[in-house]
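The values are calculated or read from the model by the stated rules, or taken from the named source; none is laboratory data. Predicted model, so just to flag it, every value in this text is computed and none were measured. With ideal geometry, Cβ positions are generated from the backbone for all residues, glycine too; neighbour counts draw on all protein chains shown. Surface areas here come from the heavy atoms of the whole protein model, side chains and all, with no ligands, DNA or RNA. Shrake-Rupley method; radii C 1.70, N 1.55, O 1.52, S 1.80 Å.
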Amino acid sequence: DRTVEFQKGLNVIVGPNGSGKSNILNAIYGALTGDFGRNSGKAAENISLNSDGGESSVDLHFSHNSQDLRLVRRLDPADRQLYVNDKIYTSDKEVAEKLLHILEVDKEILSQYVFVEQWDNFGPLALSAAKRISAFQKLFKIATKQDR
């Protein structure tokens, strides 16, 4: 059971190997995408390990574009709720679509540019120049010639 509060702006997570730095990022990524498979092994075993039969979940509170959001993902039983203002979304499809719409990115951008997997820091550089340009235009909301 861990609560982590980030501040506005740049945050840095520092600690020795095995202290949970990657687990924090994997939990946030899993909550946003529903994909908890970044840790080795079975997701259910990884997340439920040490839960003592209690509820395994990620409860993420964040703001983006002046919207306050709360996203809760429970693993066992599988369940999700996304709270946006006074509306609650509960289906996988609704939650995924609403989150990506609010964040203004797609899952590929999240997985390859925002939440880069450990040891793959230079992975985006291996992509074609056209893919990198397109991704950065989406990520930083840079208009293309076609959009102007």
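Descriptive notes on the structure:
- Each residue in the stretch 76-93 was checked for being among the aliphatic types (A, V, I, L, M) and open to solvent by 70 Å² or more (accessible area, probe 1.4 Å), and 2 pass.
- Sole exception among (1) at pLDDT below 85; (2) closer than 26 Å to Asp120 by Cβ for Ile13, by number: (1)
- Among the conditions (1) open to solvent by 60 Å² or more (accessible area, probe 1.4 Å); (2) modelled with pLDDT of 80 or more, the only one that Gly30 does not satisfy is (1).
- Residue that is farthest from Gly30 (Cα to Cα) [pool: residues in the stretch 77-91 that are at pLDDT below 85 and not hydrophobic (A, V, I, L, M, F, W, C)]: Asp86
- Of all residues making up the stretch 58-75, the number that are surrounded by 15 or more Cβ atoms within 10 Å (Cβ to Cβ) and either polar (S, T, N, Q) or modelled with pLDDT under 85 (or both): 2
- Residue pairs meeting the criteria (Cβ under 8 Å; at least 6 apart or on separate chains; first farther than 12 Å from Gly34 by Cβ, in the stretch 86-101; second assigned to a helix (DSSP H, G or I) and open to solvent by 50 Å² or more (accessible area, probe 1.4 Å)): Tyr89/Lys98
- Against the numbered list (1) in contact with a Gly (Cβ under 8 Å, 6 or more places away or on another chain); (2) at pLDDT 80 or above, Phe36 comes up short only at (2).
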